[in-house]
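Undergrad: This is the structure I have questions about; it appears just below.
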Amino acid sequence: MAEKSFKYVILGGGVSAGYAAREFAKQGVKPGELAIISKEVAPYERPALSKAYLFPEGTARLPGFHVCVGSGGERLLPEWYKEKGIELILSTEIVRADIASKTLLSATGLIFKYQILVIATGSTVLRLTDFGVEGADAKNIFYLREIDDADKLVEAIKAKKNGKAVVVGGGYIGLELSAALKINNIDVSMVYPEPWCMPRLFTADIAAFYEGYYANKGIKIIKGTVAVGFTTNADGEVKEVKLKDGRTLEADIVVVGVGGRPLISLFKGQVAENKGGIETDDFFKTSADDVYAVGDVATFPMKLYREMRRVEHVDHARKSAEQAVKTIMATEGGKTVTGYDYLPYFYSRAFDLSWQFYGDNVGDTVLFGDNDLASATHKFGTYWIKDGKVVGVFLESGTPEENKAIAKVARVQPSVESLDVLKNEGLSFASKI
């Protein structure tokens, strides 16, 4: 069997892998020491797939959104890795990992040896076929995780011009893809079982605004039920979506966004796990020597809230990767680095809307600002208050300065006398901190 050896191996080719590679280069990695092993292409900014990649105009395409453009950094084209002496081993699936012997085995029988491993395998989508949903293997039922998925969806949008789409799921992917499909003049229906969209983050008040906004755009929202089956035409393409409440929806395209799970099966029984991920310390070291885990797969200590958490978001994917590499290189140089102290941050853009959230969405809530659908500005937000302190803030249509202000509030956690004070002061409360 062919064998290759590297000092450092990054397993995975998503956002974390690209930002880890950039940090290795900054820290002076030598040519030939580092390899990235991925079953995809060179690392790219994954959030583009649910946004501009699907737009009919101003469309994003590679090489335009390779990392690290998503954070305002240099775009790392495949040539960049070559110049730095970093080996990109692409279209390569690893089927076995043996931490004891520091060995990875590919589907084609290639063996890769490493001294230090960074696990950056990310997540995979949950599929309706996993739950045994009838007809879920029909053609034109799509999921969105990798660039191939997005390409297939783009082709379907072109082929089913002015057709009907059903989006299954009311979370991040559901909301962003519903908007993208509507922009392509597709007739869109959203279906989700929860009482409102984005229930893991949004309050009922926040959700009411977005559901109303989407409805005004012509998107039909069907809540409190789930897809239980699909019918197909003679070509095996999806034709109808059967709902649990007995309704049937016509569909030329179905897009499913019902969550994901971290890709950690290669390491089962070889590293400690916690909350569905690989347990790490605040430097992203796992329980195994010389093995680090970053991004979606890592369950790490969130110092701000004194608990172990796993975070699925691009911001954490970038920052955790950089933290791990700084730790690796500092340790080798006999130096120390400060542990990871993450402030949760989520954002989304759809139509002409753009929101940001910082902190923790626990405790009492106060809605502030103008959430009138008829308003030209619709700048509004919500504070979360726990034990007399503001612990989280959400803001729609904030300026860069206002978004910085709410991030500071979530980090500082200022005390507040009463909910009425926050209600009356609104955004000005954040600007004073």
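Rundown of residues vs (1) modelled with pLDDT under 95; (2) surrounded by 20 or more Cβ atoms within 10 Å (Cβ to Cβ), yes/no style:
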site: N371; (1), (2): no, yes
site: K386; (1), (2): no, no
site: K389; (1), (2): no, no
site: G392; (1), (2): no, yes
site: E401; (1), (2): no, no
site: V412; (1), (2): no, no
site: V421; (1), (2): yes, no
site: G426; (1), (2): no, no
site: S431; (1), (2): yes, no
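Undergrad: Then there's this: Quick one: how many residues across the stretch 56-100 are open to solvent by less than 50 Å² (accessible area, probe 1.4 Å) and farther than 30 Å from N162 by Cβ?
TA: Number satisfying all stated conditions: 17.
Undergrad: Go through (1) outside the structural domain of R310 (by the TED database); (2) open to solvent by less than 10 Å² (accessible area, probe 1.4 Å); (3) in contact with a Leu (Cβ under 8 Å, 6 or more places away or on another chain) for I157 and report which single condition fails.
TA: It fails just one condition, (2).
Undergrad: Quick one: which helices (runs of 4 or more DSSP H) lie wholly within the stretch 372-433 and hold at least 1 residues that are out of contact with any strand residue (DSSP E or B) (no Cβ under 7 Å at 6 or more places or on another chain) and under 22 Å from Y347 (Cα atoms)?
TA: 400-412, 427-431
Undergrad: Now for a different question. How about the stretch 240-272: which of its residues are closer than 16 Å to Y143 by Cβ and among the β-branched types (V, I, T)?
TA: Of everything in the stretch 240-272, those that are closer than 16 Å to Y143 by Cβ and among the β-branched types (V, I, T) turn out to be V241, I253, V254, V255, V256, V258.
Undergrad: Still on this structure, please answer the following. Suppose we filter the stretch 202-229 for residues that are within 20 Å of N140 (Cβ to Cβ) and open to solvent by 10 Å² or more (accessible area, probe 1.4 Å); how many remain?
TA: Qualifying residue count for the region: 5.
Undergrad: Just to check your reading of the model, which residue among K102, K139, K113 is at positive phi, of a type outside the set (G, A, S) and touching an Asp or Glu at 6+ places or on another chain (Cβ under 8 Å)?
TA: Result of the check over K102, K139, K113: K102.
Undergrad: Could you count how many residues in the stretch 291-317 are touching a helix residue (DSSP H, G or I) at 6+ places or on another chain (Cβ under 8 Å) and open to solvent by 30 Å² or more (accessible area, probe 1.4 Å)?
TA: Going through the stretch 291-317 one residue at a time, the tally reaches 3.
Undergrad: Next question, about the same structure. In a helix (DSSP H, G or I) and either open to solvent by 10 Å² or more (accessible area, probe 1.4 Å) or assigned by the TED database to the domain that holds I10 (or both) - does that describe any residue in the stretch 279-290?
TA: No, every residue in the stretch 279-290 fails to be in a helix (DSSP H, G or I) and either open to solvent by 10 Å² or more (accessible area, probe 1.4 Å) or assigned by the TED database to the domain that holds I10 (or both).
Undergrad: I need a count of the residues in the stretch 233-263 that are buried (at least 22 other Cβ atoms within 10 Å of the Cβ) and either part of a loop (DSSP other than H, G, I, E, B) or of a type in the set (V, I, T) (or both).
TA: Of the residues in the stretch 233-263, 8 are buried (at least 22 other Cβ atoms within 10 Å of the Cβ) and either part of a loop (DSSP other than H, G, I, E, B) or of a type in the set (V, I, T) (or both).
Undergrad: Every residue in the stretch 325-348 that is more than 19 Å from the chain's Cα centre (by Cα) and in contact (Cβ under 8 Å) with a residue 60 or more places away in the chain, please.
TA: Listed by number, the residues that qualify are V325, K326, I328, M329.
Undergrad: Could you list, ordered by first residue, the pairs with Cβ atoms under 6 Å in which the first is in the stretch 410-433 and farther than 15 Å from F394 by Cα and the second is open to solvent by less than 40 Å² (accessible area, probe 1.4 Å), at least 6 apart or interchain?
TA: P414/V390; S415/G388; V416/V390; V416/L422; L419/V366; I433/V409; I433/P414
Undergrad: Tell me the residue from G259, G246 that is small (G, A, S) and without any contact (Cβ under 8 Å) to a residue 40 or more places away in the chain, please.
TA: Checking each option against the conditions leaves just G246.
Let's see how each residue does on (1) assigned to a helix (DSSP H, G or I); (2) small (G, A, S):
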{"site": "G18", "(1), (2)": "yes, yes"}
{"site": "R22", "(1), (2)": "yes, no"}
{"site": "V29", "(1), (2)": "no, no"}
{"site": "A35", "(1), (2)": "no, yes"}
{"site": "E40", "(1), (2)": "no, no"}
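The values are calculated or read from the model by the stated rules, or taken from the named source; none is laboratory data. Every value quoted in this text rests on a predicted model; they were computed, and no experiment measured them. Neighbour counts run over all protein chains shown; Cβ positions are idealised from the backbone, glycine included. Surface areas here come from the heavy atoms of the whole protein model, side chains and all, with no ligands, DNA or RNA. Shrake-Rupley method; radii C 1.70, N 1.55, O 1.52, S 1.80 Å.
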